[in-house]
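See below for the structure under consideration.
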Amino acid sequence: MSVRSQSSEPSASSEAPHRAGFACFVGRPNAGKSTLTNALVGQKVAITANQPQTTRHTVRGIVHREDAQLILVDTPGLHKPRTLLGERLNDVVRTTWAEVDVIGFCLPANEKLGPGDRFIAKELASIKKTPKIAIVTKTDLVDSKALAEQLIAIDQLGKELGFEWAEIVPVSAVADKQVGLLADLIVPLLPEGPALYPEGDLTDEPEQVMIAELIREAALEGVRDELPHSIAVVVEEMLPREDRPADKPLLDIHAFVYIERPSQKGIIIGPKGKRLKEVGIKSRKQIEALLGTPVFLDLHVKVAKDWQRDPRQLRKLGF
């Protein structure tokens with residue numbers, strides 16, 4: 001079993017060829033994939049929240065290095081689908097696996113391997129050519145004994161299914177432990193070639209999609225038990241305010257928060273509109289940080305009845 005820690009960090013040769021390619025993180029919902037993507041890129045490009053099925057779009061985070069460009073594809077968590085939306089999210093995951101150069105399987109250190117992990121590992125075993133790295137996330141939440149037991153269990157899981165992990169790497173994105181090492185271990189597995197994106201680009205997600213995701217993240221906070229998967233956000237319009245001087249620009253953003261039932265409207269809006277106002281304030285700060293410009297955010301709540309099960313509504317909402 002090859003478990004990597006900082007002391008075994010590979011040394012970069014000055015004559016090593018430049019590499020560029022795609023890696024994706026897979027795992028059960030809430031296994032730490034988005035947090036890890038953000039830690040590697042060094043800026044928030046994927047939304048994170050403490051509930052399953054937060055990520056719905058394939059977000060590419062781009063890590064620029066002198067020796068390589070690593071493009072991270074962040075997929076939804078693979079899960080047993082209960083709705084048409086769930087089936088589509090699973091299709092996104094499988095399509096992504098077929099197209100990347102490296103697959104990183106995220107397994108939280110603080111949770112024993114379960115049926116969901118075995119389900120994903122079994123699917124990974126059928127992908128023969130792509131190197132697979134086991135990434136043990138959230139190591140800051142366990143002691144060394146529990147971590148050692150998890151590492152052994154993960155090594156054993158690969159053997160049971162007839163494949164060997166290219167690496168097994170314990171990391172903590174929150175404590176910034178071994179995140180750099182993980183990138184060092186992924187890079188040699190990428191194909192040789194020039195950079196695929198311009199220096200300075202951190203993601204290829206359209207700005208409107210990222211803004212919608214930031215609003216959805218803020219809207220999910222505090223209501224995850226009541227509305228775990230029922231919220232979708234669409235940015236209808238983004239326009240610079242016309243009557244502003246050049247040194248004091250203002251961007252008008254009009255967005256709709258969609259829920260599935262009228263009864264959910266009150267939960268999102270809150271008493272006297274207090275909750276929706278908080279969502280607006282929190283997401284506006286994040287949007288301004290993302291765009292680097294002052295923003296006026298106009299939010300409205302709409303009901304799209306049972307949208308997760310309706311193909312026409314799913315298309316309209318971008319799925």
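A short reminder: the numbers here are calculations on the coordinates, not readings from a lab. Keep in mind that this is a model prediction, so the values were computed, not measured. Here Cβ is always computed from backbone atoms with ideal geometry, including for glycine, and neighbour counts include all displayed protein chains.
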Sorting check: for 117-125, 154-162, 207-215, which peptide has the highest mean count of neighbouring beta carbons within 10 Å, and how do the rest follow? 207-215, 117-125, 154-162
Pairs of Cα atoms under 8 Å, at least six residues apart: use those to get the relative contact order of segment 207-316, whole percent. 29
Added length on full extension, which subtracts the Cα-Cα distance from 0.36 nm per residue, ASP176 to TYR197: 5.0 nm
Size of the dipole of segment 207-316 about the Cα centre, Lys and Arg at +1 and Asp and Glu at -1 on the beta carbon, nothing else charged, in debye to 20? 420
Report relative contact order for segment 135-213 in percent, whole number only (criteria: Cα-Cα under 8 Å, sequence separation at least 6). 29
Would you list SER126, SER230 from fewest to most Cβ contacts within 10 Å? SER126, SER230
If amide hydrogens are placed 1.01 Å from N in the peptide plane, which non-local residues have theirs closer than 5 Å to the one on VAL301? VAL257
Past the 15 angstrom mark, what percentage of all C-alpha to C-alpha distances in segment 132-184 do you count? 47
I want to check the label-to-label distance for ASP243 and SER144. Put each point 7 Å from Cα in the C-beta direction and report it in nm to one decimal. 6.7
Debye log10 I(q)/I(0) at q = 0.11, 0.16, 0.21, 0.24 Å⁻¹ for segment 207-316, Cα point scatterers: -0.36, -0.72, -1.12, -1.35
Under a crude label model (7 Å from the Cα following the beta-carbon direction), how far is GLU236 from GLU123 in nanometres? 3.6
Using a 7 Å offset from the Cα along the Cα-to-Cβ direction at both ARG88 and LYS159, what is the distance between the two label points in nm, to one decimal? 4.3
